[in-house]
Amino acid sequence: METTQSKEIAEAVIVEEADPNIVEVAVGNENFSTLVAAVKAADLVETLSGKGPFTVFAPTNDAFNKLPEGTVGTLLKPENKGKLTSILTYHVVSGKYEASAVIDAIKKNNGSFTVATVQGGEITLSLSDGNVMLKDANGGMSTVIMADVAASNGVIHAIDSVVMPK
């Protein structure tokens with residue numbers, strides 16, 4: 001005879017498996033079609049579909065469109081896979097950091113908080129007019145425009161500019 005507790009556990013497992021992972025969430029959102037194409041070109045689908053958890057600062061299509069003309073097309077070429085992989089993994093942090101945790105960390109660290117990316121570089125997070133801002137290794141800035149997009153293996157925060165590693 002099945003107990004109520006074991007039934008609840010079984011239902012929780014089924015629900016958890018049904019939640020889309022980071023890549024599946026991005027594929028399902030037309031604002032991330034350029035990012036999805038880049039993730040595929042860099043062979044990062046399996047990585048970002050993995051257990052995680054990951055926090056992804058995901059550039060929207062508009063963010064990629066801000067890059068100089070031809071940049072995205074050039075990065076998607078097979079010979080530039082290493083550079084593309086470096087740029088994309090610069091947008092990923094190990095661990096799941098929802099907006100409230102990011103804002104708390106910024107406030108507890110005198111207005112800025114530096115995080116290590118999967119790529120190996122660092123991004124500095126800060127607040128401006130209530131928005132979470134990212135500062136890349138070159139001083140480039142990006143704004144989180146949509147926070148806490150849930151995925152089974154982490155969280156996505158959409159950003160309005162592509163951040164670049166050194």
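Only the coordinates and a few stated rules stand behind these numbers; no lab work does. Every value quoted in this text rests on a predicted model; they were computed, and no experiment measured them. Heads up, the Cβs are rebuilt from the backbone with ideal geometry, glycines too, and the neighbour counts pull from every protein chain shown.
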Next item on the list: Could you tell me the distance between the Cα centroids of the range 48-89 and the range 139-162, to the nearest Å?
Entry: 13 Å
Note to self: Going through the cross-link list Lys96/Lys166; Lys51/Lys108; Lys40/Lys166, which pairs have a Cα-Cα distance over 27 Å in this structure?
What the structure shows: Lys51/Lys108
Item checked: Scattering curve values for the range 62-150, log₁₀ I(q)/I(0), Debye with Cα scatterers, q = 0.19, 0.20, 0.22 Å⁻¹ -> -0.97, -1.05, -1.20
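Once you keep just the Cα pairs under 8 angstrom separated by 6 or more residues, what percentage relative contact order results for the chain? Intermediate values should be presented prior to the final figure.
Details: 292 pairs, mean separation 43.1, N = 166.
Here the relative contact order equals 26 percent.
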Checklist line | 3J(HN,Hα) from dihedral phi, the range 76-90, Karplus parametrisation 6.51/-1.76/1.60, rounded to Hz, x for glycine, proline | finding: 6, 5, x, 5, 10, 4, x, 5, 4, 4, 4, 5, 5, 6, 5
Next item on the list: Could you work out the mean projected area of the convex hull around the alpha carbons of the chain, in square nanometres to one decimal?
Entry: 11.3 nm²
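Counting other C-beta atoms within 10 Å, and keeping those with at most 12, which DSSP coil GluC sites (Glu not before Pro) do you find in the range 49-117? Show your work: numbers first, answer last.
Working: sites: Glu69, Glu79, Glu98; in loops: Glu69, Glu98.
Counting only loop positions with at most 12 other Cβ atoms within 10 Å, the GluC sites (Glu not before Pro) in the range 49-117 are Glu69.
Computed over the Cα atoms, what is the radius of gyration of the range 38-85 divided by 2.2 N^0.38 Å, N being its residue count?
Numbers: Rg = 11.9 Å, N = 48, 2.2 N^0.38 = 9.6 Å.
Ratio of Cα Rg to 2.2 N^0.38 Å: 1.25.
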